[in-house]
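Q: Input: one structure, supplied below.
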Amino acid sequence: MPERDLTSESVVPSSGTSWGLRFSLGAMMVIVALFAGVFGYLSYFRSAKCLMVYSVTTLPAQDVDGLGLDFHPIDDSPYQWAFDSDDAVAQLVHLKNNAERPLYDKQLTVAYWPRQADTYTYIRPVAINTETSPHPDFASGEFAGFWGVRKVGGQLVFRVEGHTAHRQPKVAGFDEDQYGRFDEVAGNLFYEGEFPVSGLIFAAPVGDDQIHLFLIQAEEVSAKEPFVHRPGPIDSLEKQTEITSKQQDPQPEADNNDE
């Protein structure tokens, strides 16, 4: 009977080991790809923060038309948007605000994307020829919408989405029974694009010779700046930053003179 060859090796199937190794390598590559995608997304889309002030008012149509601004239409809305690159609209708004209060103004910090909610309503007395209308006359309006800001590939992107309305008494000489007492405009506001280093405006005609107008001014601020929500007359953004810094400085304690 032949002796068993002690030097011979038994053959063990290796298909199971090879499959397990391939599965482990594949799973590792998927995990690495997922992490790379997440970090790539986070590095390309980043949070940002801006201080924004806006004023809502009406201006004579001939003054706005004479500026020759490059207006862009908004789908299914009477409003259009444009950049106030030369601050021409800002100067008109400032001159009017010196003579009378704006319909509404507001200052706030925007730090979310794509939607940071915001609303307002206003009602203002207006002076017209009382001989044609025995009723008290008021202009009124409202807004409900969202603001947004973020960085995309290192560039700031700004977003506006909302709906607004404005109504004001008609001028003297109108037929109240036929046309009603008010001129009114209502529609959507929408903008998404480059950060408005100059003013961003939304404008729509109301009545025969007036423009209902939003003037928006914004600048990027540090993430350490506190939230700002301060209705009232709009100061320059530089002055607002100084006020905010002073508010953060601790006040020296008064000396206690105990007798």
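Q: Counting only residues 5 or more places away or on other chains, whose amide H sits under 5 Å from the amide H of Leu189 once H atoms are built in the peptide plane?
A: For Leu189, the qualifying residues are Gly162, His163, Thr164.
Q: Applying the Karplus parametrisation 6.51 cos²θ - 1.76 cosθ + 1.60 with θ = phi - 60° to the phi angles of segment 145-152, what ³J(HN,Hα) value in whole Hz is obtained for each residue in order, glycine and proline being reported as x?
A: So the J values, rounded to whole Hz, are x, 9, 10, x, 8, 6, 10, 10.
Q: Let me ask something additional. Convert each backbone phi in segment 188-196 into a coupling constant with the Karplus relation 6.51 cos²θ - 1.76 cosθ + 1.60 (shift: θ = phi - 60°), then list the ³J(HN,Hα) values in order as whole Hz, x for Gly and Pro.
A: 3J(HN,Hα) across segment 188-196, in whole Hz: 8, 10, 8, 7, 8, x, 4, 5, x.
Q: Can you compute 3J(HN,Hα) from phi for each residue in segment 121-126, using the Karplus curve 6.51 cos²θ - 1.76 cosθ + 1.60 with θ = phi - 60°, rounded to whole Hz and x for Gly and Pro?
A: Ordered by residue, 3J(HN,Hα) equals 9, 8, 8, 10, x, 10 Hz.
Q: Please list the non-local residues whose amide H lies under 5 Å from the amide H of Lys49, H modeled 1.01 Å from N, same-chain partners needing a gap of 5 or more.
A: Val221
Q: Once amide H atoms are built 1.01 Å from N in the peptide plane, which residues 5 or more positions from Asp84, or in another chain, come under 5 Å H to H?
A: Under 5 Å from the amide H of Asp84 lie the amide H atoms of Gly199, Leu200, Ile201, each far enough along the sequence or on another chain.
Throughout, read-outs are computed from the coordinates displayed, never taken from laboratory work. If you're wondering where the values come from, they're calculated on a predicted model, not measured in any experiment.
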